[in-house]
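Every read-out reported here was derived from the displayed coordinates using simple, explicitly stated rules and does not represent laboratory data. Not measured: the values here are computed from a predicted model. As a convention, Cβ positions derive from the backbone with ideal geometry for all residues, glycine included, and neighbour counts pool all protein chains shown.
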């Protein structure tokens with residue numbers, strides 16, 4: 001298939017890359033200007049679906065991305081409430097994609113951002129991601145398909161944008177008290193107390209964030225651009241393999257180049273290495289397998305976590321269910337110690353590496369088996 | 001006719017490909033319900049040597065492929 005290049009995809013990739021570097025410069029954790037998986041996990045934390053104290057914050061980027069896609073699709077006449085395509089399977093696929101991403105420590109978008117930050121572990125992740133997509137493509141070629149969706153009531157297609165806006169407003173109302181509490185804890189004030197109903201990180205990645213409205217506005221822009229350009233990390237690789245179409249991969253490359261250049265310009269780039277990378281670990285087999293799960297699951301879903309947010313903004317109720325599956329998956333990942341963690345780094349003169357928990361390994365293997373079962377049992381499902 | 005309404009990509013393209021490979025029709029109508037699929041199917045069909053005419057059917061997109 002001859003590739004028709006849409007320049008918007010390149011522009012979107014570059015803007016996302018620049019935005020990622022900017023968000024980190026203004027407070028987001030390193031190599032985490034964007035991470036759809038991590039940010040949904042943080043939202044699960046602040047709403048107390050899990051109690052991992054270091055990853056609790058309502059990331060405005062997620063609200064912005066969904067809302068940006070919502071507004072752009074309305075403006076472009078593309079918004080349409082649709083749902084009914086194998087919702088329970090999508091929920092569980094979203095759940096597993098999240099578990100895989102949290103084992104690796106990042107969604108495909110953060111994987112690319114980590115690559116641009118010089119993190120070689122992310123290249124191991126990329127290898128797993130490609131393998132996962134290839135497995136997914138084999139099943140797609142054999143006729144794998146989730147069922148058809150149908151027109152539904154407009155309200156059905158608005159659930160995720162509306163819920164996120166309500167959550168954001170509530171969080172924003174609580175923000176003066178929350179930020180006071182965080183400041184008190186950081187200043188060692190005795191008897192510091194969180195008087196709100198939200199949980200909030202006082203240390204760790206969840207405590208690191210760009211200013212709220214900056215994050216929201218950047219999210220809106222990224223959501224709008226990603227909606228218009230069909231930006232998708234999985235789609236890029238899938239389309240090359242299936243159709244020899246190089247359009248979507250240009251977005252992927254745009255993010256990588258923009259992040260790499262941005263990091264070099266800001267003096268953050270210290271060369272490529274595996275050890276001592278920000279919020280990353282060197283347990284490579286699980287970096288690899290975590291991203292196999294993400295690639296495979298996302299290929300079956302028809303899009304990466306970013307794309308699921310965009311589709312949910314466009315009125316797709318099935319993608320909203322997928323996102324909720326990711327939210328619940330994140331809660332399980334932390335409640336049951338399945339998630340990866342950062343390498344502790346240099347301890348007493350020796351490099352101490354993170355090792356994925358037995359629970360995490362078991363969960364990864366279960367996810368791979370479940371993906372195989374789902375793949376095999378939905379072949380030729382498209383005729384209905 | 002290929003009715004790919006309710007499916008998101010790559011399914012509509014794969015369904016079109018299967019029909020073309022199986023029957024090599026000189027004319028084929030493909031129905032899709034989103035613009036992404038409309039563009040992808042049109043690009044695919046053109047790469048297979050078809051001329052593509054775009055039409056609407058209610059809120060859905062009707063592609064008439066001919067060669």
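Just to be sure I understand, how many residues within segment B:23-43 are within 12 Å of chain A (Cβ to nearest Cβ) and either exposed (fewer than 15 other Cβ atoms within 10 Å of the Cβ) or outside any loop (DSSP other than H, G, I, E, B) (or both)?
11
Could you list, in sequence order, the residues of segment A:244-274 that are surrounded by fewer than 19 Cβ atoms within 10 Å (Cβ to Cβ) and over 16 Å from residue A:115 (Cβ atoms)?
Within segment A:244-274, A:244, A:246, A:265, A:266, A:267 meet the criteria.
Quick grid of which residues meet (1) away from chain B (no Cβ under 14 Å); (2) outside any helix (DSSP H, G or I):
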residue: A:309; (1), (2): yes, no
residue: A:319; (1), (2): no, no
residue: A:325; (1), (2): yes, no
residue: A:334; (1), (2): yes, no
residue: A:342; (1), (2): yes, yes
residue: A:346; (1), (2): yes, yes
residue: A:355; (1), (2): yes, yes
residue: A:359; (1), (2): yes, no
residue: A:365; (1), (2): yes, no
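When the residues of segment B:1-18 are narrowed to those that are in a loop (DSSP other than H, G, I, E, B) and within 9 Å of chain A (Cβ to nearest Cβ), which ends up farthest from residue A:311 (Cα to Cα)?
B:4
State whether one or more residues within segment A:165-173 are touching a helix residue (DSSP H, G or I) at 6+ places or on another chain (Cβ under 6 Å), surrounded by fewer than 24 Cβ atoms within 10 Å (Cβ to Cβ) and touching a residue at least 40 places away in the same chain (Cβ under 8 Å).
yes
Just checking, does segment B:45-54 include any residue being within 20 Å of residue A:73 (Cα to Cα), outside any helix (DSSP H, G or I) and within 12 Å of chain A (Cβ to nearest Cβ)?
No; the residues of segment B:45-54 include none that is within 20 Å of residue A:73 (Cα to Cα), outside any helix (DSSP H, G or I) and within 12 Å of chain A (Cβ to nearest Cβ).
With a cut-off of at least 2 residues that are in contact (Cβ under 8 Å) with a residue 60 or more places away in the chain and under 23 Å from residue A:276 (Cβ atoms), name the helices (runs of 4 or more DSSP H) lying wholly within segment A:21-108.
A:36-46, A:87-104
Here's the yes/no breakdown for (1) in contact with a helix residue (DSSP H, G or I) (Cβ under 6 Å, 6 or more places away or on another chain); (2) within 25 Å of residue A:331 (Cα to Cα):
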| residue | (1), (2) |
| --- | --- |
| A:17 | yes, no |
| A:27 | no, yes |
| A:36 | yes, yes |
| A:41 | yes, yes |
| A:50 | yes, yes |
| A:53 | no, yes |
| A:57 | yes, yes |
| A:62 | yes, yes |
| A:79 | yes, no |
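Looking only at segment A:222-246, filter to residues that are in contact with a helix residue (DSSP H, G or I) (Cβ under 7 Å, 6 or more places away or on another chain) and outside any helix (DSSP H, G or I); which one of those is nearest to the other protein chains (Cβ to nearest Cβ)?
Per the criteria, the residue is A:230.
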